[in-house]
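Beneath this line is the structure, given in structure tokens, with notes to follow.
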Amino acid sequence: MKGAIRRKAKPQGSFEDEYRASLREYAGGGGELALGRAYELGRRALAEQKSLLEMASLHHQAVLALVAMRKVKKAERNCSDQAPNSSRVFVSL
């Protein structure tokens with residue numbers, strides 16, 4: 001095919017990084033697009049011969065990281081919500 005335009009393939013990150021990103025996207029309300037990405041990752045896992053144990057371990061670690069990240073964000077929101085109240089304490093001193 002002379003003159004055909006070739007698209008540059010998007011460089012693949014590590015499977016683990018892509019899995020974590022996909023899970024974050026889906027948990028954040030990614031919907032059908034995130035599910036499509038998950039199906040592609042599933043196919044890639046099969047092609048790379050990932051074992052069930054590897055996948056379960058990766059999922060477990062990704063969920064723990066996601067929960068920890070959400071806890072940090074919630075704590076940050078709580079701190080910013082309390083900031084106006086804490087300034088009143090300093091003013092009254």
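Numerical summary
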quantity	calculated
Qualifying residues in segment 47-60 (those that are part of a helix (DSSP H, G or I) and touching a residue at least 24 places away in the same chain (Cβ under 8 Å)) - the one farthest from ARG24 (Cα to Cα)	LEU58
Qualifying position, being loosely packed, with under 12 Cβ neighbours inside 10 Å, at pLDDT 85 or above and not in a helix (DSSP H, G or I), among GLY13, GLY3, GLY29	GLY29
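The values are calculated or read from the model by the stated rules, or taken from the named source; none is laboratory data. All figures in this text were calculated on a predicted structure; none of them were measured in a lab. When we count neighbours, we look across all protein chains shown, and the Cβ atoms used for this are built from the backbone with ideal geometry, even at glycine.
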